[in-house]
1. From the list Phe285, Phe311, Phe260, which one is closer than 14 Å to Met198 by Cα, in contact with a Lys or Arg (Cβ under 7 Å, 6 or more places away or on another chain) and hydrophobic (A, V, I, L, M, F, W, C)?
2. Show the residue pairs that are 6+ apart or on different chains and have beta-carbon atoms under 6 Å apart, the first residue being within the range 172-186 and within 14 Å of Phe311 (Cβ to Cβ), the second being surrounded by 20 or more Cβ atoms within 10 Å (Cβ to Cβ) and among the hydroxyl-bearing types (Ser, Thr, Tyr).
3. If you take the residues of the range 26-62 that are under 16 Å from the mean Cα position of the chain (by Cα) and among the hydrophobic types (A, V, I, L, M, F, W, C), which of them is surrounded by the most Cβ atoms within 10 Å (Cβ to Cβ)?
4. Cβ contacts < 7 Å: first residue charged (D, E, K, R), restricted to the range 259-270; second residue not in a loop (DSSP other than H, G, I, E, B), any location; separation 6+ or different chain. Result?
5. With (1) closer than 27 Å to Leu206 by Cβ; (2) modelled with pLDDT of 95 or more as the list, and Pro169 as the residue in question, which single condition is left unmet?
6. Would you please name the residue that is modelled with the lowest pLDDT, looking only at residues in the range 219-269 that are under 20 Å from Phe317 (Cα atoms) and among the hydroxyl-bearing types (Ser, Thr, Tyr)?
Amino acid sequence: MRTAFFCTSLILSTLGPMTHIPAADQSKPSVNIFEKEDRLRIELNGELFTEYVFKGEDRYFPLFYPVLGPGEVPMTRRYPLEIVEGEDKDHIHHQSLWFAHSDVNGHSFWAVQTNKGKEPGKTVHRRFTEIKEGGNEGHFVAENDYLAADGTLVMSDTRTVRIHAPTTPLGPRILDITIAFRASNGLVTFGDEKDAGMAIRVASDLQVAKRTGKGNDTVPASGHLLNSEGVEGEATWGKRARWVDAYGEVAGEPVGVAIFDHPSNPRYPTYWHSRTYGLVTANVFGKHFFENLEDPKSGEMTIPAGDTLTFRWRFVFHRDDPATAGVEDLFRRFAEE
């Protein structure tokens, strides 16, 4: 029933009513935002870029889906939001592009199913405080509450999302996500967990390995992983780096997505929970996993009651490989902002 809901929701959402802030001149770079009941539709230069889905019967956290790169190429896995042949159907909680954490004050906001007898919490959208479109850039600001399974408020966040329009037809599409976590109901402790952080599950064609259907066995695939320090493939997992890029060919088109960690972020540069099957996550919390430490709390991070902790990331959806796309130069510009 879960899968059926997702598919039905996507179909109905395309037919539902929309409210639109007045459109910009499509002959120039533009970011247009259409507000709907359960999502924001974001267009760049008149083409769909992504939708920010913030409500739904089975929605455990807000997410971006679909996400289309230069040339309108799908950049994230469609499962479980849609069912298509040829995609791995593991990890139902890996839903396109999202933030989540598996241990906040002992509650999981990563899972979407009961795990080890524990019902997951939900990241609940409360309201938009600003939605603004424009020429080269548009943005929105959303407020969310993190509710435990019993409805207890664990913490809140304010996320500012900025979208940058490409200046050429196949130029990079850029998504900035800043999240300010607020200890709105007492001390907040982010546990030391590998399943946490700013995450993307890339399109199947960008996977370095694909599952065989026999347990966790995999076979080589056509995608690539590269981090800012020159580490490749499986070896990027658990390493600290300024950025990680997943790239290859999707439907014959050379594309990639680079995820940047901003120098102002706590514990910069971040560790990366980057898996060859397609998950790439900027995660500063899982220190004892990534460094193989005995202390299971070595990566804990706390926010005193009433305080705020802010992180900032950038996703760059680009053509070609990281070197040709100039990913390092793009990172330096971001770092200087």
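1. Numbers: Phe285 fails: in contact with a Lys or Arg (Cβ under 7 Å, 6 or more places away or on another chain); Phe311 fails: in contact with a Lys or Arg (Cβ under 7 Å, 6 or more places away or on another chain).
The match here is Phe260.
2. Arg182/Ser156
3. Once the filter is applied, the top-ranked residue is Val53.
4. Asp261/Trp243; Asp261/Ala282; Asp261/Trp313
5. Checking Pro169 against (1) closer than 27 Å to Leu206 by Cβ; (2) modelled with pLDDT of 95 or more, the one that fails is (2).
6. Ser222
So that you can scan it fast, the table gives a plain yes or no per residue for (1) modelled with pLDDT of 95 or more; (2) within 30 Å of Arg127 (Cβ to Cβ); (3) surrounded by 22 or more Cβ atoms within 10 Å (Cβ to Cβ); (4) in contact with a Cys (Cβ under 9 Å, 6 or more places away or on another chain):
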residue: Ala165; (1), (2), (3), (4): yes, yes, yes, no
residue: Ala180; (1), (2), (3), (4): yes, yes, no, no
residue: Ser184; (1), (2), (3), (4): yes, yes, no, no
residue: Gly191; (1), (2), (3), (4): yes, yes, no, no
residue: Gly197; (1), (2), (3), (4): yes, yes, yes, no
residue: Arg201; (1), (2), (3), (4): yes, yes, yes, no
residue: Leu206; (1), (2), (3), (4): yes, no, yes, no
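The values are calculated or read from the model by the stated rules, or taken from the named source; none is laboratory data. Since the structure is predicted, the reported quantities are computational estimates derived from the model, not experimental observations. Counting neighbours? That spans all protein chains shown, and the Cβs are built from the backbone with ideal geometry, glycine included.
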